[in-house]
Amino acid sequence: MKRLNITTALLLAAAMIAPAHAAEKQAPRIMVNIVVSSMRANDLQRYADNFSEAGFRRLTNGGTQFTQAEYGYMQTTTPVSLATISTGAMPSTHGVVADRWYDYVTNKPVTLIDDSECQSVNFSGGSGGYSPRNLVAQTLSDALARQDEASRIATVAVEPVSAIVTAGHSGEVYWMETLQTAWTTSSYYTKTLPTWIADYNRNEANLGYLLDQWTPLLPSETYFNSQTADGEEGGNRSRRMQCIGDQSNGAAPVDEYARMCYTPAGNSALLAFAQQVVANNEMGKDEHTDMLNIVLDTPRKISERFGPESMEYEDMLYRLDRDLERFIAFVLSQVTDPAQVVITLTSDHGTSPSFDETATQQERFNVRQAEVITNAFIGAQHGNGEWILGYIDRAFYLNHNLIYEKGLSIADLQHDVATFLMQLRGVSHAVSAEALRSTYFGSGYGRKIQNGYYPRRSGDVVVNLMPDWIEEREEIRSTSGSMYRYDTHIPLVIYGGGIAAATIDTPVDMTSLAPTQARILGIDAPSAAEGAAIEL
(Lines give C-alpha, C1' and ligand atoms only; values in the text may rest on other atoms or scores of the structure.)
Protein backbone atom coordinates (compact mmCIF):
# COMPACT_ATOMS: atom_id res chain seq x y z
CA MET A 1 0.00 0.00 0.00
CA LYS A 2 1.24 3.44 -0.92
CA ARG A 3 2.39 5.45 2.11
CA LEU A 4 1.33 9.09 2.36
CA ASN A 5 3.79 11.66 3.59
CA ILE A 6 2.68 13.97 6.36
CA THR A 7 2.07 16.94 4.03
CA THR A 8 -0.26 14.93 1.80
CA ALA A 9 -2.09 13.58 4.82
CA LEU A 10 -2.66 17.06 6.21
CA LEU A 11 -3.97 18.31 2.87
CA LEU A 12 -6.40 15.39 2.62
CA ALA A 13 -7.57 15.95 6.18
CA ALA A 14 -8.14 19.63 5.46
CA ALA A 15 -10.14 18.75 2.36
CA MET A 16 -12.35 16.41 4.39
CA ILE A 17 -12.94 19.05 7.07
CA ALA A 18 -13.55 21.93 4.63
CA PRO A 19 -17.15 21.07 3.62
CA ALA A 20 -18.33 21.01 7.24
CA HIS A 21 -16.58 24.30 7.95
CA ALA A 22 -18.00 25.86 4.81
CA ALA A 23 -21.49 24.80 5.86
CA GLU A 24 -21.09 26.65 9.15
CA LYS A 25 -20.12 29.81 7.26
CA GLN A 26 -22.81 29.44 4.62
CA ALA A 27 -24.70 32.65 3.81
CA PRO A 28 -28.28 32.82 5.12
CA ARG A 29 -31.21 32.06 2.85
CA ILE A 30 -32.87 35.34 3.80
CA MET A 31 -31.76 38.51 5.58
CA VAL A 32 -34.42 40.81 7.02
CA ASN A 33 -33.38 44.33 8.04
CA ILE A 34 -35.90 46.17 10.22
CA VAL A 35 -35.61 49.88 11.04
CA VAL A 36 -37.97 51.22 13.72
CA SER A 37 -37.84 54.96 13.13
CA SER A 38 -37.22 57.16 16.21
CA MET A 39 -36.70 54.22 18.56
CA ARG A 40 -34.41 55.09 21.44
CA ALA A 41 -31.74 52.67 22.62
CA ASN A 42 -33.32 52.07 26.02
CA ASP A 43 -36.83 51.37 24.68
CA LEU A 44 -36.04 47.67 24.38
CA GLN A 45 -35.24 47.55 28.10
CA ARG A 46 -37.71 50.13 29.41
CA TYR A 47 -40.78 48.36 28.02
CA ALA A 48 -39.47 44.78 28.06
CA ASP A 49 -41.83 43.57 30.80
CA ASN A 50 -44.82 44.24 28.57
CA PHE A 51 -43.33 42.75 25.40
CA SER A 52 -44.25 39.25 24.36
CA GLU A 53 -41.70 36.45 24.44
CA ALA A 54 -41.63 36.12 20.64
CA GLY A 55 -41.48 39.73 19.46
CA PHE A 56 -38.78 42.20 20.48
CA ARG A 57 -37.67 39.89 23.28
CA ARG A 58 -37.15 37.01 20.88
CA LEU A 59 -34.57 39.16 19.09
CA THR A 60 -32.88 40.61 22.17
CA ASN A 61 -32.77 37.34 24.11
CA GLY A 62 -31.70 35.18 21.17
CA GLY A 63 -29.46 37.58 19.26
CA THR A 64 -26.42 39.74 19.79
CA GLN A 65 -27.44 43.08 21.25
CA PHE A 66 -25.12 46.07 20.97
CA THR A 67 -25.97 48.47 23.77
CA GLN A 68 -23.63 51.28 22.69
CA ALA A 69 -24.50 51.69 19.00
CA GLU A 70 -24.35 55.33 17.90
CA TYR A 71 -24.29 57.63 14.91
CA GLY A 72 -21.15 59.75 14.78
CA TYR A 73 -22.62 62.89 13.24
CA MET A 74 -25.13 65.63 14.02
CA GLN A 75 -27.64 65.29 11.16
CA THR A 76 -29.58 62.41 12.73
CA THR A 77 -32.63 62.64 10.49
CA THR A 78 -34.39 59.79 8.71
CA PRO A 79 -32.98 60.06 5.16
CA VAL A 80 -29.44 60.77 6.41
CA SER A 81 -29.29 57.84 8.82
CA LEU A 82 -31.03 55.42 6.47
CA ALA A 83 -28.30 56.24 3.96
CA THR A 84 -25.68 55.52 6.62
CA ILE A 85 -27.32 52.21 7.52
CA SER A 86 -27.51 51.12 3.89
CA THR A 87 -24.10 52.34 2.68
CA GLY A 88 -21.88 52.00 5.74
CA ALA A 89 -20.62 55.54 5.17
CA MET A 90 -20.81 58.91 6.89
CA PRO A 91 -22.99 61.63 5.31
CA SER A 92 -19.76 63.37 4.31
CA THR A 93 -19.20 60.41 1.99
CA HIS A 94 -22.65 59.12 0.99
CA GLY A 95 -23.91 62.64 0.25
CA VAL A 96 -27.36 62.48 1.86
CA VAL A 97 -27.42 65.50 4.17
CA ALA A 98 -31.20 66.10 4.18
CA ASP A 99 -34.29 65.33 2.16
CA ARG A 100 -33.61 68.52 0.18
CA TRP A 101 -31.01 71.25 -0.32
CA TYR A 102 -30.47 74.42 -2.37
CA ASP A 103 -28.87 74.58 -5.78
CA TYR A 104 -26.49 77.56 -5.58
CA VAL A 105 -26.71 78.17 -9.33
CA THR A 106 -30.51 78.35 -9.64
CA ASN A 107 -31.25 79.35 -6.02
CA LYS A 108 -33.98 76.72 -6.06
CA PRO A 109 -34.43 73.77 -3.69
CA VAL A 110 -33.55 70.27 -4.90
CA THR A 111 -35.45 67.33 -3.42
CA LEU A 112 -33.52 64.14 -2.76
CA ILE A 113 -35.87 61.70 -4.50
CA ASP A 114 -38.01 63.87 -6.83
CA ASP A 115 -37.57 62.93 -10.49
CA SER A 116 -39.77 64.41 -13.22
CA GLU A 117 -38.75 61.59 -15.57
CA CYS A 118 -40.44 58.98 -13.35
CA GLN A 119 -44.02 58.29 -12.35
CA SER A 120 -45.69 56.24 -9.68
CA VAL A 121 -46.75 52.90 -11.11
CA ASN A 122 -50.51 52.25 -11.04
CA PHE A 123 -52.50 53.36 -7.99
CA SER A 124 -50.83 56.77 -8.29
CA GLY A 125 -53.38 59.09 -6.74
CA GLY A 126 -50.85 61.87 -6.22
CA SER A 127 -47.64 60.31 -4.93
CA GLY A 128 -45.43 62.00 -7.52
CA GLY A 129 -42.42 60.79 -9.46
CA TYR A 130 -39.44 59.53 -7.50
CA SER A 131 -36.13 57.80 -8.13
CA PRO A 132 -32.72 57.16 -6.51
CA ARG A 133 -30.80 59.17 -9.14
CA ASN A 134 -29.51 61.65 -6.54
CA LEU A 135 -28.02 58.87 -4.40
CA VAL A 136 -24.26 58.71 -4.97
CA ALA A 137 -23.15 55.72 -2.85
CA GLN A 138 -23.81 52.02 -3.33
CA THR A 139 -26.21 50.45 -0.84
CA LEU A 140 -26.14 46.95 0.64
CA SER A 141 -29.00 46.03 -1.71
CA ASP A 142 -26.94 47.28 -4.66
CA ALA A 143 -23.93 45.27 -3.49
CA LEU A 144 -25.97 42.07 -3.15
CA ALA A 145 -27.61 42.59 -6.55
CA ARG A 146 -24.20 43.02 -8.16
CA GLN A 147 -22.85 39.90 -6.44
CA ASP A 148 -25.80 37.62 -7.27
CA GLU A 149 -28.38 38.55 -9.89
CA ALA A 150 -30.59 35.66 -8.75
CA SER A 151 -31.03 37.13 -5.25
CA ARG A 152 -34.50 38.51 -4.64
CA ILE A 153 -34.30 41.93 -2.99
CA ALA A 154 -37.21 44.05 -1.79
CA THR A 155 -37.62 47.19 0.32
CA VAL A 156 -40.88 48.41 1.88
CA ALA A 157 -41.73 51.55 3.86
CA VAL A 158 -44.67 53.85 4.43
CA GLU A 159 -42.84 56.85 2.94
CA PRO A 160 -41.13 56.87 -0.47
CA VAL A 161 -37.96 58.60 0.74
CA SER A 162 -37.43 55.89 3.38
CA ALA A 163 -37.89 53.10 0.86
CA ILE A 164 -35.74 54.62 -1.89
CA VAL A 165 -32.82 55.73 0.29
CA THR A 166 -32.66 52.32 1.96
CA ALA A 167 -32.92 50.36 -1.28
CA GLY A 168 -30.75 52.45 -3.55
CA HIS A 169 -30.94 51.41 -7.19
CA SER A 170 -31.76 47.71 -6.80
CA GLY A 171 -34.61 45.35 -6.13
CA GLU A 172 -38.32 45.86 -5.72
CA VAL A 173 -39.16 49.05 -3.83
CA TYR A 174 -42.64 49.84 -2.46
CA TRP A 175 -44.27 52.53 -0.36
CA MET A 176 -47.76 53.64 0.62
CA GLU A 177 -49.58 55.93 -1.77
CA THR A 178 -50.74 59.04 0.09
CA LEU A 179 -54.35 59.28 -1.10
CA GLN A 180 -55.50 55.68 -1.43
CA THR A 181 -53.10 54.04 1.08
CA ALA A 182 -52.36 51.52 -1.67
CA TRP A 183 -48.88 50.14 -2.36
CA THR A 184 -47.02 51.71 -5.25
CA THR A 185 -43.54 52.13 -6.67
CA SER A 186 -41.69 54.18 -9.28
CA SER A 187 -41.29 53.58 -12.99
CA TYR A 188 -37.55 53.73 -12.27
CA TYR A 189 -37.78 50.25 -10.72
CA THR A 190 -40.53 48.67 -12.83
CA LYS A 191 -43.11 49.63 -15.43
CA THR A 192 -46.01 47.84 -13.78
CA LEU A 193 -46.94 46.45 -10.40
CA PRO A 194 -46.94 42.67 -9.94
CA THR A 195 -50.43 41.26 -10.36
CA TRP A 196 -50.64 40.16 -6.75
CA ILE A 197 -49.98 43.72 -5.49
CA ALA A 198 -52.58 45.14 -7.87
CA ASP A 199 -55.10 42.65 -6.47
CA TYR A 200 -53.98 43.45 -2.91
CA ASN A 201 -54.68 47.12 -3.58
CA ARG A 202 -58.05 46.51 -5.25
CA ASN A 203 -59.15 44.57 -2.20
CA GLU A 204 -58.15 47.56 -0.03
CA ALA A 205 -56.27 45.21 2.28
CA ASN A 206 -54.55 48.06 4.11
CA LEU A 207 -57.84 49.55 5.29
CA GLY A 208 -58.54 46.41 7.28
CA TYR A 209 -55.84 47.49 9.75
CA LEU A 210 -57.35 50.90 10.56
CA LEU A 211 -58.48 51.29 14.16
CA ASP A 212 -62.08 52.37 14.79
CA GLN A 213 -60.86 53.54 18.16
CA TRP A 214 -57.32 53.62 19.46
CA THR A 215 -57.53 52.44 23.04
CA PRO A 216 -54.83 50.85 25.23
CA LEU A 217 -53.84 47.31 24.30
CA LEU A 218 -52.99 46.46 27.93
CA PRO A 219 -54.47 47.43 31.30
CA SER A 220 -53.66 51.10 31.87
CA GLU A 221 -51.95 50.45 35.21
CA THR A 222 -49.23 48.41 33.45
CA TYR A 223 -48.01 51.36 31.35
CA PHE A 224 -44.81 53.16 32.24
CA ASN A 225 -45.75 56.44 30.53
CA SER A 226 -48.49 58.70 31.79
CA GLN A 227 -48.21 61.76 29.56
CA THR A 228 -50.82 62.40 26.91
CA ALA A 229 -50.80 64.55 23.80
CA ASP A 230 -52.19 67.57 25.67
CA GLY A 231 -50.01 67.12 28.75
CA GLU A 232 -52.76 65.52 30.82
CA GLU A 233 -52.12 62.51 32.99
CA GLY A 234 -54.10 59.66 34.44
CA GLY A 235 -57.69 58.77 33.64
CA ASN A 236 -58.05 60.70 30.37
CA ARG A 237 -55.44 58.61 28.51
CA SER A 238 -57.85 56.44 26.52
CA ARG A 239 -59.68 59.43 25.09
CA ARG A 240 -56.45 61.03 23.95
CA MET A 241 -55.34 57.82 22.25
CA GLN A 242 -58.40 58.05 20.03
CA CYS A 243 -57.71 61.57 18.80
CA ILE A 244 -56.25 60.60 15.41
CA GLY A 245 -58.12 57.44 14.54
CA ASP A 246 -61.61 58.21 15.84
CA GLN A 247 -64.06 60.98 14.92
CA SER A 248 -66.82 59.78 17.29
CA ASN A 249 -65.88 62.47 19.79
CA GLY A 250 -66.79 65.23 17.36
CA ALA A 251 -63.31 65.81 15.95
CA ALA A 252 -62.86 66.87 12.34
CA PRO A 253 -62.56 64.03 9.80
CA VAL A 254 -59.04 62.74 9.21
CA ASP A 255 -58.01 61.15 5.93
CA GLU A 256 -57.18 57.45 5.80
CA TYR A 257 -53.47 58.04 5.18
CA ALA A 258 -53.19 60.14 8.36
CA ARG A 259 -55.14 57.54 10.31
CA MET A 260 -52.69 54.95 9.00
CA CYS A 261 -49.51 56.94 9.72
CA TYR A 262 -50.40 58.35 13.13
CA THR A 263 -51.76 55.17 14.69
CA PRO A 264 -50.30 51.66 15.05
CA ALA A 265 -52.25 50.67 11.92
CA GLY A 266 -49.32 51.87 9.81
CA ASN A 267 -47.01 49.28 11.35
CA SER A 268 -49.59 46.50 11.07
CA ALA A 269 -50.32 47.23 7.42
CA LEU A 270 -46.64 47.48 6.50
CA LEU A 271 -45.62 44.21 8.16
CA ALA A 272 -48.61 42.39 6.68
CA PHE A 273 -47.60 43.63 3.24
CA ALA A 274 -43.96 42.66 3.89
CA GLN A 275 -45.14 39.14 4.72
CA GLN A 276 -46.87 38.98 1.35
CA VAL A 277 -43.68 40.19 -0.36
CA VAL A 278 -41.78 37.28 1.20
CA ALA A 279 -44.43 34.75 0.21
CA ASN A 280 -45.02 35.93 -3.35
CA ASN A 281 -41.31 36.26 -4.10
CA GLU A 282 -40.65 32.87 -2.51
CA MET A 283 -37.84 34.38 -0.46
CA GLY A 284 -35.57 31.91 1.30
CA LYS A 285 -36.54 29.00 -0.93
CA ASP A 286 -33.24 28.43 -2.73
CA GLU A 287 -29.48 28.76 -2.21
CA HIS A 288 -29.42 32.38 -3.40
CA THR A 289 -29.58 34.78 -0.46
CA ASP A 290 -32.63 37.04 -0.52
CA MET A 291 -32.97 40.31 1.36
CA LEU A 292 -35.95 42.26 2.68
CA ASN A 293 -35.58 45.80 4.05
CA ILE A 294 -38.40 47.18 6.21
CA VAL A 295 -38.56 50.80 7.40
CA LEU A 296 -41.29 51.48 9.94
CA ASP A 297 -42.02 55.20 9.58
CA THR A 298 -45.11 55.20 11.81
CA PRO A 299 -43.18 55.20 15.13
CA ARG A 300 -41.52 58.46 14.06
CA LYS A 301 -44.86 60.05 13.20
CA ILE A 302 -46.32 59.04 16.56
CA SER A 303 -43.29 60.17 18.59
CA GLU A 304 -43.28 63.53 16.78
CA ARG A 305 -46.98 64.11 17.33
CA PHE A 306 -47.42 62.74 20.86
CA GLY A 307 -43.87 62.60 22.26
CA PRO A 308 -41.76 59.60 23.31
CA GLU A 309 -42.98 59.93 26.91
CA SER A 310 -46.60 59.53 25.86
CA MET A 311 -48.88 56.58 26.39
CA GLU A 312 -49.60 56.69 22.66
CA TYR A 313 -45.97 55.99 21.82
CA GLU A 314 -45.74 53.23 24.43
CA ASP A 315 -48.92 51.54 23.25
CA MET A 316 -47.69 51.70 19.66
CA LEU A 317 -44.58 49.74 20.70
CA TYR A 318 -46.67 47.03 22.36
CA ARG A 319 -48.82 46.65 19.27
CA LEU A 320 -45.73 46.63 17.07
CA ASP A 321 -44.25 43.93 19.30
CA ARG A 322 -47.24 41.67 18.60
CA ASP A 323 -47.05 42.43 14.87
CA LEU A 324 -43.36 41.51 14.89
CA GLU A 325 -44.14 38.28 16.72
CA ARG A 326 -46.38 37.18 13.86
CA PHE A 327 -44.04 38.43 11.17
CA ILE A 328 -40.90 36.78 12.60
CA ALA A 329 -42.73 33.47 13.02
CA PHE A 330 -43.82 33.63 9.39
CA VAL A 331 -40.32 34.38 8.08
CA LEU A 332 -38.81 31.53 10.08
CA SER A 333 -41.46 29.18 8.67
CA GLN A 334 -40.15 29.83 5.15
CA VAL A 335 -36.89 27.94 5.77
CA THR A 336 -36.05 24.45 7.01
CA ASP A 337 -33.49 25.68 9.55
CA PRO A 338 -33.97 28.89 11.62
CA ALA A 339 -30.22 29.50 11.29
CA GLN A 340 -30.85 30.25 7.62
CA VAL A 341 -32.53 33.52 8.62
CA VAL A 342 -30.73 36.66 9.84
CA ILE A 343 -32.78 39.54 11.27
CA THR A 344 -31.29 42.95 12.04
CA LEU A 345 -33.22 45.39 14.24
CA THR A 346 -32.13 49.01 14.58
CA SER A 347 -33.32 52.62 14.27
CA ASP A 348 -32.50 55.63 12.12
CA HIS A 349 -32.29 57.89 15.20
CA GLY A 350 -33.79 58.48 18.61
CA THR A 351 -35.85 61.55 19.42
CA SER A 352 -35.76 64.58 21.70
CA PRO A 353 -37.57 65.00 24.99
CA SER A 354 -41.09 66.26 24.36
CA PHE A 355 -41.67 69.98 24.18
CA ASP A 356 -44.23 71.04 26.77
CA GLU A 357 -45.82 74.44 26.22
CA THR A 358 -46.71 74.66 29.93
CA ALA A 359 -43.05 74.33 31.00
CA THR A 360 -41.49 77.79 31.06
CA GLN A 361 -37.91 76.45 30.96
CA GLN A 362 -38.45 74.83 27.54
CA GLU A 363 -38.22 76.82 24.33
CA ARG A 364 -38.04 76.13 20.61
CA PHE A 365 -35.93 77.63 17.85
CA ASN A 366 -37.96 79.91 15.59
CA VAL A 367 -36.49 79.23 12.14
CA ARG A 368 -38.37 81.93 10.25
CA GLN A 369 -37.40 84.56 12.80
CA ALA A 370 -33.74 83.50 12.58
CA GLU A 371 -33.82 83.79 8.77
CA VAL A 372 -35.31 87.30 8.89
CA ILE A 373 -32.92 88.56 11.56
CA THR A 374 -29.87 87.13 9.82
CA ASN A 375 -30.94 88.54 6.46
CA ALA A 376 -31.34 91.97 8.08
CA PHE A 377 -27.89 91.67 9.66
CA ILE A 378 -26.27 91.06 6.26
CA GLY A 379 -28.40 93.75 4.63
CA ALA A 380 -27.30 96.35 7.15
CA GLN A 381 -23.71 95.79 6.05
CA HIS A 382 -24.01 95.13 2.34
CA GLY A 383 -27.39 96.47 1.23
CA ASN A 384 -30.88 95.06 1.03
CA GLY A 385 -31.45 91.77 -0.75
CA GLU A 386 -32.43 88.17 -0.38
CA TRP A 387 -29.21 87.09 1.27
CA ILE A 388 -30.65 83.97 2.92
CA LEU A 389 -32.08 81.35 0.57
CA GLY A 390 -33.40 79.27 3.43
CA TYR A 391 -32.77 76.99 6.38
CA ILE A 392 -32.86 73.19 6.09
CA ASP A 393 -32.05 70.78 8.91
CA ARG A 394 -29.78 73.04 10.99
CA ALA A 395 -28.10 74.66 7.97
CA PHE A 396 -28.41 78.18 6.55
CA TYR A 397 -27.98 78.58 2.78
CA LEU A 398 -26.70 81.92 1.46
CA ASN A 399 -27.45 83.48 -1.92
CA HIS A 400 -24.16 82.89 -3.76
CA ASN A 401 -25.34 84.68 -6.88
CA LEU A 402 -26.03 87.87 -4.93
CA ILE A 403 -22.74 87.56 -3.08
CA TYR A 404 -20.87 87.30 -6.40
CA GLU A 405 -22.87 90.20 -7.81
CA LYS A 406 -21.81 92.40 -4.89
CA GLY A 407 -18.18 91.34 -5.27
CA LEU A 408 -18.04 89.87 -1.77
CA SER A 409 -16.15 86.89 -0.39
CA ILE A 410 -18.33 83.88 0.33
CA ALA A 411 -15.90 82.60 2.94
CA ASP A 412 -15.86 85.95 4.77
CA LEU A 413 -19.65 86.21 4.73
CA GLN A 414 -19.99 82.64 6.00
CA HIS A 415 -17.70 83.52 8.89
CA ASP A 416 -19.65 86.70 9.70
CA VAL A 417 -22.97 84.87 9.64
CA ALA A 418 -21.63 82.07 11.85
CA THR A 419 -20.43 84.65 14.38
CA PHE A 420 -23.78 86.45 14.29
CA LEU A 421 -25.83 83.27 14.70
CA MET A 422 -24.01 82.46 17.91
CA GLN A 423 -25.90 85.40 19.46
CA LEU A 424 -29.33 83.86 18.82
CA ARG A 425 -31.14 82.11 21.65
CA GLY A 426 -30.97 78.36 21.37
CA VAL A 427 -27.84 78.22 19.22
CA SER A 428 -25.00 76.27 20.83
CA HIS A 429 -22.51 76.20 17.93
CA ALA A 430 -22.31 77.70 14.45
CA VAL A 431 -19.66 76.56 11.97
CA SER A 432 -19.04 77.96 8.49
CA ALA A 433 -18.69 75.76 5.42
CA GLU A 434 -15.24 77.24 4.85
CA ALA A 435 -14.12 76.04 8.29
CA LEU A 436 -15.58 72.59 7.64
CA ARG A 437 -13.71 72.36 4.32
CA SER A 438 -10.36 73.70 5.50
CA THR A 439 -10.07 72.53 9.12
CA TYR A 440 -9.83 69.02 10.52
CA PHE A 441 -11.97 68.54 13.62
CA GLY A 442 -10.61 65.48 15.35
CA SER A 443 -13.22 65.20 18.08
CA GLY A 444 -16.11 66.88 19.83
CA TYR A 445 -18.96 68.84 18.28
CA GLY A 446 -16.85 69.95 15.31
CA ARG A 447 -16.11 66.37 14.30
CA LYS A 448 -19.80 65.42 14.42
CA ILE A 449 -20.77 68.41 12.30
CA GLN A 450 -17.94 67.72 9.86
CA ASN A 451 -18.96 64.07 9.49
CA GLY A 452 -22.31 65.32 8.25
CA TYR A 453 -20.94 67.89 5.82
CA TYR A 454 -21.04 67.18 2.07
CA PRO A 455 -19.69 70.20 0.10
CA ARG A 456 -21.96 69.87 -2.94
CA ARG A 457 -25.17 69.90 -0.87
CA SER A 458 -24.60 71.21 2.65
CA GLY A 459 -25.40 74.73 3.73
CA ASP A 460 -23.05 77.69 4.25
CA VAL A 461 -23.41 77.76 8.02
CA VAL A 462 -24.35 74.74 10.13
CA VAL A 463 -25.79 75.33 13.60
CA ASN A 464 -26.13 73.06 16.59
CA LEU A 465 -28.96 73.87 18.99
CA MET A 466 -28.80 73.70 22.77
CA PRO A 467 -29.64 70.35 24.39
CA ASP A 468 -33.38 69.57 24.33
CA TRP A 469 -34.09 72.41 21.88
CA ILE A 470 -35.93 71.62 18.63
CA GLU A 471 -37.19 73.76 15.76
CA GLU A 472 -40.64 75.26 16.19
CA ARG A 473 -43.09 73.30 14.00
CA GLU A 474 -46.85 73.05 14.26
CA GLU A 475 -48.11 69.91 16.02
CA ILE A 476 -44.56 68.63 16.60
CA ARG A 477 -43.63 67.85 20.21
CA SER A 478 -40.44 65.86 19.58
CA THR A 479 -38.00 65.47 16.73
CA SER A 480 -34.45 64.42 15.85
CA GLY A 481 -31.45 65.95 14.11
CA SER A 482 -29.06 66.73 16.95
CA MET A 483 -25.70 65.36 18.11
CA TYR A 484 -27.04 64.54 21.58
CA ARG A 485 -27.38 60.98 22.82
CA TYR A 486 -31.16 60.99 22.82
CA ASP A 487 -30.82 61.25 19.01
CA THR A 488 -27.56 59.41 18.27
CA HIS A 489 -27.84 56.39 20.64
CA ILE A 490 -30.05 53.72 19.09
CA PRO A 491 -30.81 49.98 19.44
CA LEU A 492 -28.92 47.41 17.37
CA VAL A 493 -29.64 43.68 17.46
CA ILE A 494 -28.46 40.97 15.04
CA TYR A 495 -30.39 37.72 15.38
CA GLY A 496 -30.12 34.31 13.72
CA GLY A 497 -27.63 32.88 11.25
CA GLY A 498 -26.00 30.84 13.98
CA ILE A 499 -24.93 34.03 15.79
CA ALA A 500 -24.69 33.46 19.53
CA ALA A 501 -26.88 35.30 22.00
CA ALA A 502 -24.81 38.01 23.67
CA THR A 503 -24.87 41.54 24.99
CA ILE A 504 -21.98 43.71 23.77
CA ASP A 505 -21.23 46.95 25.61
CA THR A 506 -18.34 48.01 23.36
CA PRO A 507 -19.07 51.21 21.37
CA VAL A 508 -20.21 50.54 17.79
CA ASP A 509 -20.36 53.19 15.08
CA MET A 510 -23.33 52.65 12.78
CA THR A 511 -21.09 52.80 9.71
CA SER A 512 -20.07 49.27 10.76
CA LEU A 513 -23.50 47.74 10.21
CA ALA A 514 -23.47 47.43 6.41
CA PRO A 515 -19.95 45.92 6.31
CA THR A 516 -21.03 43.46 9.03
CA GLN A 517 -24.13 42.47 7.09
CA ALA A 518 -22.03 42.12 3.92
CA ARG A 519 -19.69 39.74 5.75
CA ILE A 520 -22.67 37.66 6.91
CA LEU A 521 -23.93 37.56 3.33
CA GLY A 522 -20.48 36.62 2.03
CA ILE A 523 -20.25 39.61 -0.31
CA ASP A 524 -18.09 42.71 -0.61
CA ALA A 525 -19.18 45.64 1.51
CA PRO A 526 -20.84 48.58 -0.30
CA SER A 527 -18.17 50.46 -2.22
CA ALA A 528 -18.19 53.64 -0.09
CA ALA A 529 -18.40 51.86 3.28
CA GLU A 530 -16.08 53.32 5.92
CA GLY A 531 -16.89 51.26 9.00
CA ALA A 532 -15.13 48.06 10.02
CA ALA A 533 -17.17 44.84 10.15
CA ILE A 534 -18.09 43.74 13.67
CA GLU A 535 -16.69 40.40 14.80
CA LEU A 536 -19.60 38.08 15.61
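Name the residues in the range 322-343 that are out of contact with any strand residue (DSSP E or B) (no Cβ under 8 Å at 6 or more places or on another chain) and in a loop (DSSP other than H, G, I, E, B), would you?
Ser333, Thr336, Asp337
So in the range 165-179, with the set limited to residues that are without any contact (Cβ under 8 Å) to a residue 60 or more places away in the chain and either among the hydroxyl-bearing types (Ser, Thr, Tyr) or within 22 Å of Pro515 (Cβ to Cβ) (or both), which one is most open to solvent (accessible area, probe 1.4 Å)?
Among residues in the range 165-179 that are without any contact (Cβ under 8 Å) to a residue 60 or more places away in the chain and either among the hydroxyl-bearing types (Ser, Thr, Tyr) or within 22 Å of Pro515 (Cβ to Cβ) (or both), the one most open to solvent (accessible area, probe 1.4 Å) is His169.
Restricting attention to the range 485-520, which residues are open to solvent by 10 Å² or more (accessible area, probe 1.4 Å), under 19 Å from Leu144 (Cβ atoms), of a type in the set (A, V, I, L, M, F, W, C) and outside any loop (DSSP other than H, G, I, E, B)?
Ile520
Out of contact with any Asp or Glu (no Cβ under 7 Å at 6 or more places or on another chain), open to solvent by 10 Å² or more (accessible area, probe 1.4 Å) and among the aliphatic types (A, V, I, L, M): is that true of Leu332 in this structure? Spell out the reasoning first.
Working: out of contact with any Asp or Glu (no Cβ under 7 Å at 6 or more places or on another chain): yes; open to solvent by 10 Å² or more (accessible area, probe 1.4 Å): yes; among the aliphatic types (A, V, I, L, M): yes.
So Leu332 fits the description; yes.
Can you give me the number of residues within the range 30-70 that are more than 30 Å from Ala145 (Cα to Cα), in a helix (DSSP H, G or I) and open to solvent by 20 Å² or more (accessible area, probe 1.4 Å)?
7
So Tyr397 fits all but one of (1) open to solvent by 60 Å² or more (accessible area, probe 1.4 Å); (2) closer than 14 Å to Val367 by Cα; (3) of a type in the set (Phe, Trp, Tyr); what number is the exception?
(1)
From the residues in the range 138-187 that are assigned to a loop (DSSP other than H, G, I, E, B) and of a type in the set (Gly, Ala, Ser), which one is farthest from the chain's Cα centre (by Cα)?
Across the range 138-187, the extreme among qualifying residues is Ala150.
(1) under 30 Å from Glu386 (Cβ atoms); (2) surrounded by 21 or more Cβ atoms within 10 Å (Cβ to Cβ); (3) in contact with a Leu (Cβ under 9 Å, 6 or more places away or on another chain): which one isn't true of Val80, the others all being true?
Single failed check for Val80: (3).
Inspect all residues belonging to the range 348-368 and state whether any of them is within 16 Å of Glu471 (Cβ to Cβ) and either in a helix (DSSP H, G or I) or in contact with a Cys (Cβ under 9 Å, 6 or more places away or on another chain) (or both).
Yes: one or more hits.
Residue by residue through the range 478-522, note down the ones that are β-branched (Val, Ile, Thr), within 22 Å of Val96 (Cβ to Cβ) and touching a residue at least 60 places away in the same chain (Cβ under 8 Å).
Matches in the range 478-522: Thr479, Thr488, Ile490, Val508, Thr511.
Residue by residue through the range 390-419, note down the ones that are among the acidic types (Asp, Glu) and touching a residue at least 40 places away in the same chain (Cβ under 8 Å).
Answer for the range 390-419, where residues must be among the acidic types (Asp, Glu) and touching a residue at least 40 places away in the same chain (Cβ under 8 Å): just Asp393.
Based on this model, can you work out whether Pro299 counts as open to solvent by less than 30 Å² (accessible area, probe 1.4 Å), closer than 23 Å to Thr76 by Cβ, modelled with pLDDT of 95 or more and part of a loop (DSSP other than H, G, I, E, B)?
no
The values are calculated or read from the model by the stated rules, or taken from the named source; none is laboratory data. Worth saying up front: this structure is predicted, and the values here are computed from it rather than measured. Here the Cβ is made from the backbone with ideal geometry for all residues, glycine too, and neighbour counts use every protein chain on show. We work out accessible area using only protein heavy atoms, side chains counted, and drop any ligands, DNA or RNA first. Shrake-Rupley method; radii C 1.70, N 1.55, O 1.52, S 1.80 Å.
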